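Engineer: Please find one structure pasted underneath; my questions will follow.
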Amino acid sequence: MITVSGEPEGAGITVSERTYRDGARAVAPLAVAVLGFGVSFGVLARTVGFGWLAPIVMSATTFAGSAQFAAVSVLGDGGTVAAAVGAALLLNARYGPIGVSVAPWLTGPLPSRFLHAQLVVDESWAISAEGDGRFAPRMLVGAGLVLYGSWVAGTAVGALGGEALGDPAALGLDAAFPALFLTLVAPQVRGWKPLLAATLGATIALALTPAAPAGVPIVAAAVACLLGVRR
């Protein structure tokens, strides 16, 4: 572990020495599932009339799987652009609390922190978590880069020729992805406070899923987790 200066100015934080390579290795199993979901997204976007280039550009510039699926699905069902954007923003609102939790660990010049923040997704966040509110920044970036490459590559495969591969869901990737993510999160639930936060968040998400619009259960669960940890 090494100590560096972070924000606010003059505050010392202890940063893990785990490397970019550690993050890339740790996230490799998840990257396979992300690749499959990217293929699914590319096929869906092509099916609803996006062509082959637009889905690839969208994945390369947005890098938000659930939000992209929501936006394309809304447009495919005849919804407006405003509705598609609203659905995407609602789903991505969960990155508010996630961003707050990792912000102190993304040190360096503003442009560097901004670029690194683009790699903060659910999986890289879980991979880099070390417990007690600590994160390994290099591990986060390493994992995020691998996931980004997998997502964009999968989208390209799906948009350019995914129909020849059949339905990726038939491979069971829809079940494998959450299972792998839960495997990453489970070691972080140590002690009664993390357990309370996880249980509270899961309960709220499950209760809201049947009735609330897409994205609302995730946002509500994230807020509950923060309150649980605080209490």
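Engineer: Among (1) more than 16 Å from ALA197 (Cβ to Cβ); (2) at pLDDT below 85; (3) not aliphatic (A, V, I, L, M), which single condition is ARG94 missing?
Structural biologist: Checking ARG94 against (1) more than 16 Å from ALA197 (Cβ to Cβ); (2) at pLDDT below 85; (3) not aliphatic (A, V, I, L, M), the one that fails is (1).
Engineer: If a residue must be surrounded by fewer than 21 Cβ atoms within 10 Å (Cβ to Cβ) and more than 15 Å from GLY38 (Cα to Cα), how many such residues does the range 57-82 contain?
Structural biologist: Within the range 57-82, residues that are surrounded by fewer than 21 Cβ atoms within 10 Å (Cβ to Cβ) and more than 15 Å from GLY38 (Cα to Cα) number 8.
Engineer: Find the residue count for the range 195-225, including only residues that are modelled with pLDDT under 75 and assigned to a helix (DSSP H, G or I).
Structural biologist: Residues in the range 195-225 being modelled with pLDDT under 75 and assigned to a helix (DSSP H, G or I): 7 in total.
The values are calculated or read from the model by the stated rules, or taken from the named source; none is laboratory data. No experiment lies behind these values; they were computed from the predicted model shown. Positions of Cβ are generated from backbone atoms using ideal geometry, with glycine treated the same way; all protein chains shown enter the neighbour counts.
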